[in-house]
Each structure stands twice: as C-alpha cells, then as structure tokens.
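Inspection log for the structure reproduced underneath, given as structure tokens.
The values are calculated or read from the model by the stated rules, or taken from the named source; none is laboratory data. Nothing here was measured: the structure is a model prediction, and the numbers come from that model. All Cβ positions, even for glycine, are placed from backbone atoms using ideal geometry, and neighbour counts span all protein chains on display.
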Amino acid sequence: MRNQLCDARDNKDTWDWAVYSDKDIWVAHGKLVEDATPYLPSSFECPPCNPAEKISSGFKAWEYLTYVYGLLPALLRGVQDPSYYRNFCKLVVAVRMILQCCLPTMQLRIAHRLFVEHAEQFEKLYYQRRAKCLNFIHPCLHATSHTVPEASRVGPGTNSTQWAMENYIGNIMREMKQHFTSYTNC
C-alpha cells in the first residue's frame, strides 16, 4: 500500500523518471554539483551546495536557480530518459528566456510555446492525466503557461517577480548596512 500513491496502477517501482531515488546515485549527483563550483563564473554569487546534503535545509533561491536552470540540464543528460529530459529542457529554455531583462517578441512566442508544451507533456509523462493523480502536479506547473501573457502585460519577470523584489530589498539593506535594524526609522 505504501508504494501506491494514486491507484493500483501507480507503483513507485515503475517510476522510470525518478532517476535519483537510489541513494547512491543521489549522493554521486550531489558530489557532481559540488565539484562544478570552481567552474561557475564568480558573478554567480552563491554557487549551489551539494543537494544530497542540503536541499531541504538552507538552499537559497539563487542556489536553486543555478542548480535547476544552470547545472541540472547538463547533469541529467544521459541519466534521465530522453522523453523526460527533452520535456525538462523545454522548461529550462523557456525560463531562461523569460528571465531576461529584455524580451524580444520572437523569444516570447517561443517561450510561450515551450511552456505550454512542457505542461502538457508533463501531464502525459508523469501522471498520464489521471484525476486521482493530480497530487503529482503542482499548480505552479500550470501557471507557467500563463507566464508569457503576463510578461507581455507587466514586463520581464526579472522586474516583477518575488525574487527581484527580495533581491532589491537585500541590496538596499546592504547599502544601508543596518542588518540588525533593517525596518526601523532613525
């Protein structure tokens, strides 16, 4: 019963997409991420830590961005089944496009197509669009299909996302050099 998350047809042993479910493979993957640090540009501020050791305890947003959209496409190649890998790469390309400061119209069209294709293929690949398995799909996955229309309306995500706002606030706080009284008026 423990291996069945949706119904009798869903068994963890059949999850061919869960390439890092084996602990040894996950630990080796974490070591690869850690070993990639010297090869990242110094402008990357905070390189990702070993995810096998810290993924749920202190991984910062910047580390996730670098890990998921920078390193993971290379590290999954040859490990992940090609259909899952191609689907993931569609997401990566679209996210990289949408996070640019300048969004050319042609790239917006491509990014939108990739986001929609990724969401549809994700539904087919990972849970076969079974209603009982909706717990596999997070609402933010569907939200990606609305990203480009929103970017067309409010501008690049780098200007309006929570990440940009938090980064801006952090920069202001560093400039003020008042880390212990950040929100008080003097």
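A search for C-beta distances below 9 Å between a residue of region 25-48 that is farther than 21 Å from Gln80 by Cβ and at pLDDT below 90 and any residue that is surrounded by fewer than 15 Cβ atoms within 10 Å (Cβ to Cβ) and basic (Lys, Arg), counting only pairs 6+ apart in sequence or on different chains, returns Cys46/Lys60. Pairs meeting the criteria (first residue in region 139-156 and over 16 Å from Gln107 (Cβ atoms), second residue part of a helix (DSSP H, G or I) and among the small types (Gly, Ala, Ser), beta carbons under 8 Å, at least 6 apart or on different chains) are Leu141/Ala119; His142/Ala119; Ser145/Ala119; Val154/Ser160.
Residues in region 60-84 that are surrounded by fewer than 17 Cβ atoms within 10 Å (Cβ to Cβ), part of a loop (DSSP other than H, G, I, E, B) and not small (Gly, Ala, Ser): Lys60, Arg77, Val79, Asp81. Taken over region 110-149, the residue count meeting the criterion of being closer than 13 Å to Leu91 by Cα and either loosely packed, with under 12 Cβ neighbours inside 10 Å or touching a Ser or Thr at 6+ places or on another chain (Cβ under 6 Å) (or both) is 4.
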